[in-house]
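The values are calculated or read from the model by the stated rules, or taken from the named source; none is laboratory data. This one's a predicted model, so the numbers in the text were calculated from it and none came from an experiment. Glycine gets a Cβ as well: all are built from the backbone with ideal geometry, and neighbour counts include every protein chain shown. Side chains are part of the model used for accessible areas, which takes the heavy atoms of the whole protein and leaves out ligands, DNA and RNA. Shrake-Rupley method; radii C 1.70, N 1.55, O 1.52, S 1.80 Å.
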Amino acid sequence: MYVVAGEVWSCLQFDPSSVCLASSSQGEQMTEMDLATVRHVHNRQIDELLYRRARQFQIFTGTVVILLAMVGALVSAPDKALSHPAWPIVGTLFVLVLVGFSIRWQTAHQRDTAGHARVIVDILDRMGAFGEGPYLDKWKEWGTTTPSRRRIVMTALVGVLTLATIWLKYLSEGTV
């Protein structure tokens, strides 16, 4: 809870979906301390937003590396090396759990990132930064639009590639 120029700002660090709310105050000017507080809240939200983006990228790259390593191991495995009838089922379950967990985790980080973006937009809007300043009015929609799903789609596609490789390897060995 922050008090800025007589306004009560409630920006909860653990709940980015609750946008900063302020009670109206009339005709008061922000003091230097109030501005410093707002800048601090703004910078913390930016830091959290960047952390969430980096974490989503780490989740994506970790999952894709594991799946591509599986594909490489399957392609380079000698014939009949993986002929046990249970291995494609176990491999399929592993890939489905890994991809499902990764997509769910990435989606959660995207949702949190959007929440932090909405808080940042609210702070900038209350400071009068939109319009003619460095931020155009189009940035007011930041955090409310649908985020890019490229990494999630790529995770799913690499998962499908891995599943296809598992089953093609198993079927090509003639053990059906």
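Figures for the structure shown
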read-out: Criterion: touching a Phe, Trp or Tyr at 6+ places or on another chain (Cβ under 7 Å) and hydrophobic (A, V, I, L, M, F, W, C) - qualifying residue of Ile46, Ile59; value: Ile59
read-out: Within the stretch 77-106, considering residues that are among the β-branched types (Val, Ile, Thr) and open to solvent by 50 Å² or more (accessible area, probe 1.4 Å), the one nearest to Leu49 (Cα to Cα); value: Val97
read-out: Unique residue being in a helix (DSSP H, G or I) and farther than 20 Å from Ser148 by Cα when the list is His84, His109, His42, His116; value: His42
read-out: Any chance Leu74 is more than 15 Å from the chain's Cα centre (by Cα), at pLDDT 85 or above and surrounded by 12 or more Cβ atoms within 10 Å (Cβ to Cβ); value: yes
read-out: The lone exception for Arg39 - which of (1) open to solvent by less than 80 Å² (accessible area, probe 1.4 Å); (2) of a type in the set (D, E, K, R); (3) over 30 Å from Phe94 (Cβ atoms); (4) modelled with pLDDT of 65 or more it fails; value: (1)
